[in-house]
1. Just to be sure before I move on: is Leu13 in contact with a helix residue (DSSP H, G or I) (Cβ under 9 Å, 6 or more places away or on another chain) and either at pLDDT below 95 or among the aliphatic types (A, V, I, L, M) (or both) in the structure I sent?
2. Would you please list the contacts, defined by Cβ atoms under 7 Å and residues six or more apart or on different chains, that run from a residue in the range 447-466 that is part of a helix (DSSP H, G or I) to a residue that is of a type in the set (Lys, Arg)?
3. Filtering the range 166-188 down to residues that are of a type outside the set (Gly, Ala, Ser) and surrounded by fewer than 24 Cβ atoms within 10 Å (Cβ to Cβ), which residue is nearest to Lys314 (Cα to Cα)?
4. Please verify whether the range 471-493 includes one or more residues that are crowded, with 17+ Cβ neighbours inside 10 Å and touching a His at 6+ places or on another chain (Cβ under 7 Å).
5. Say we look at the range 272-286 and pick out the residues that are touching a residue at least 12 places away in the same chain (Cβ under 8 Å) and hydroxyl-bearing (Ser, Thr, Tyr); which of these is farthest from Leu244 (Cα to Cα)?
6. Name the residues in the range 104-119 that are out of contact with any strand residue (DSSP E or B) (no Cβ under 9 Å at 6 or more places or on another chain) and over 11 Å from Cys136 (Cα atoms), would you?
7. Only one of Ser520, Ser538, Ser530 is within 48 Å of the chain's Cα centre (by Cα), assigned to a loop (DSSP other than H, G, I, E, B) and either outside the structural domain of Pro363 (by TED's automatic domain parsing) or within 21 Å of Glu343 (Cβ to Cβ) (or both); which?
8. In the range 235-246, is there at least one residue being of a type in the set (Gly, Ala, Ser), part of a helix (DSSP H, G or I) and within 26 Å of Met173 (Cβ to Cβ)?
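The values are calculated or read from the model by the stated rules, or taken from the named source; none is laboratory data. Computed from a predicted model, the values in this text were never measured in an experiment. Cβ atoms come from the backbone with ideal geometry, glycine included; neighbour counts cover every protein chain shown.
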Amino acid sequence: MTELLCVPFKQTLAIDLKKELSDLIDSTTYQTSAFFADDISKISELREKVCDSEVSETKLDDLKEYLKCLGDLKDKFPDNRIKFTWFQTLSQKSYTSAQYSIEFEKLNVLYNVGSIYSLLAMNANDGSSLALKKLCSYFQLSACCFQYIVDHLQDTKEPVFDNFTGLTLVSMMLAQAQECFWFKAVQDGHKDSLISRLAEQTSQLYDEAFIYSKKSQLVRSDWNNHLKQKSAHFKAVALYRNALALGQNGNHGPMVRSLRMALEEIRKSNLPSRSEFMPTIEEALKNAERDNDFIYLQPVPSHIPAIKPALMVKLPSIETVLNDERNSDGKLFKALLPIHVIESCSAYSERQQAYVEEHIVRPLKALNKLLTDQLPKYELSSTVKTVSKEDLMHVELSLQDQRQNNSRINGLLEEIRYCLEKESQTYGSLIARYGSINWTLPKSSEVNSTYYEKLESLQKYLKQGQSVDDETTALFRSIDQDLITSDIKLPESNNPIVKECNEVIKERNDYTAKVLLKSSEYRILPKIISEYRKSGESDFEGLFREHLKHFDIDLAYVREQNTKNQLLSEKIQTEVNSKAVKRQDPQQIYIEDLQFSLQSLQDVKENIEEGAAFYQKLMQSSHALLTEVEQFEALRREQGRELEKRLSAKRSDR
């Protein structure tokens, strides 16, 4: 067999994969690269072998082994940390593509697997039956590799090749595999009708490849012409063999038509084989016309029934190429925890912390606050502490930040309004110059109404924020700062109920600290590592739920304290109801003023915290709207320029 094509290797830039992987392990995991030295060396050596252009079964095995190792890399490492560079060699002009992507490397290596299958097929092409069988298998495996890449073009930032190039390679390899079946049928002397159907299918596959190649960005023009001529050649073969089959069945008129059509097709081909095949068709046509004119006298139809193609090739499963029969012990970096497992550990640790805060810490703080709020106003809780002047200064600065944030956002909104008004004024001046009939752009009031609605909404939120800021500032100014920064001079209460409450509050605070310490020490990481190495699964939700049961005793403590709060509340209420307190008692006034000022300060801090989050979101929304409006104004300006050019051109034509 001759006139077959093979796909050239893509070339790649050598990289120090050993250093890249070592640095990656040391920087992204808690393990050391020295522990994985053998695995790193193995994949690095395989990568070096990828760089040479040897064509052999050994090279094919190395490429497949490297593909498996890349799969191990993808399982364990982030996909965007190592840069791989490849050079396109299919087109007449080579170009470079580089990406930080293991998937990109994998697809390019698979391309070279497809390439080496086609090259090995050419090397084995000695015309023997065994060689034909090998050629047919290799071409189909080559097509399988290219089809896999076509199916995964979207998996990388920049595709390995364009879609039509991939489809060209797939169809071309299948066509050449089908050609092997046809050639074997000719060698074995099968019936002309079967050989005709095999050739018809071969022609269709080459024609399919030709159609794709015309749309390809990479396929060379000489390949394009080759595919077109191969399609015409096998169409001629199919019609020639069909004519012989028709003649054997006594259909001499249709036989003449089929031979004439075969002659038309072979004239479209400039392949070297044409010089041998064309005289054969001409001789057969000459004899068929003579015999029909003088002996059979059958009418020659204007057309003949289409030849039914016989497809003998198919795309093998990609597992034939990518099948990884290694057990878990044979895989690289099996002891290395993949990045997603580490990320899962971190995520579950955060969820554990949030769980402890939500179900234990905050409920205990809330119970303490309820208890403190219910204490008699003339009693001072041991939990009441004064604040420092530095703390007050920090609050003052935070309030200033709130006002500055409000001012910045207001400036952004003014800029948005100016941009919209500028666009509207420009539209008004242009429509005044050209007239409403000529100036066909949509009215500003129609297209900018959405932006004005968003602007008004943001200004409304800003006004609300300003109102809350004013209230917070007023509340801060009402605080007796001298009072809350001075030492408390009252003795601690010897009221037994107050003492009991203070002891309970202190106990809860101590318990909270112990729970937080326990949570920080009770880590889920060892359990996740053990589970992953045992099962290989990455779903740890059930394990996490079981892990949280460690805090069931603390949840029971919260429930117990809730009950205790109710009992203490009843005691406090009884105490309050049994005593008549004089409003003018100086000690009571001092305590009430101190508690009021401290509570006011706490309210101010909460407002500042909420205000910071509020202004951050409002700032983001304002920036987003400004960008949107600027793009809108730029688009309208560009549309106006284009319309002005067209109108000026019309005036010039007049």
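1. Values: in contact with a helix residue (DSSP H, G or I) (Cβ under 9 Å, 6 or more places away or on another chain): no; either at pLDDT below 95 or among the aliphatic types (A, V, I, L, M) (or both): yes.
Taking the combined requirement at face value, the residue does not satisfy it.
2. Leu455/Arg417
3. Step one: of the range 166-188, the residues of a type outside the set (Gly, Ala, Ser) are 167-170, 172-174, 176, 178-184, 186-188.
Subset that is surrounded by fewer than 24 Cβ atoms within 10 Å (Cβ to Cβ): 167, 181, 183-184, 186-188.
Values: Leu167: 14, Phe181: 12, Phe183: 17, Lys184: 17, Val186: 21, Gln187: 22, Asp188: 22 Å.
So the residue we want is Phe181.
4. Within the range 471-493 (the criterion being crowded, with 17+ Cβ neighbours inside 10 Å and touching a His at 6+ places or on another chain (Cβ under 7 Å)), the answer is no, since none of the residues qualifies.
5. Taking the range 272-286 and keeping what is touching a residue at least 12 places away in the same chain (Cβ under 8 Å), we get 272-274, 277-278, 280-282, 284-285.
Narrowing the set further to residues that are hydroxyl-bearing (Ser, Thr, Tyr) leaves 273, 280.
Values: Ser273: 20, Thr280: 12 Å.
Top of the filtered list is Ser273.
6. Hits for the range 104-119 are Lys106, Leu107, Leu110, Val113, Gly114, Ser115, Ile116, Leu119.
7. Numbers: Ser520 fails: assigned to a loop (DSSP other than H, G, I, E, B); Ser530 fails: assigned to a loop (DSSP other than H, G, I, E, B).
Matching residue, one of Ser520, Ser538, Ser530: Ser538.
8. First pass over the range 235-246, keeping only residues of a type in the set (Gly, Ala, Ser): 236, 238, 243, 245.
Now drop any that are not part of a helix (DSSP H, G or I), which leaves 236, 238, 243, 245.
This time we only want the ones that are within 26 Å of Met173 (Cβ to Cβ), so: 236, 238.
Yes, the conditions are met somewhere in the range 235-246.
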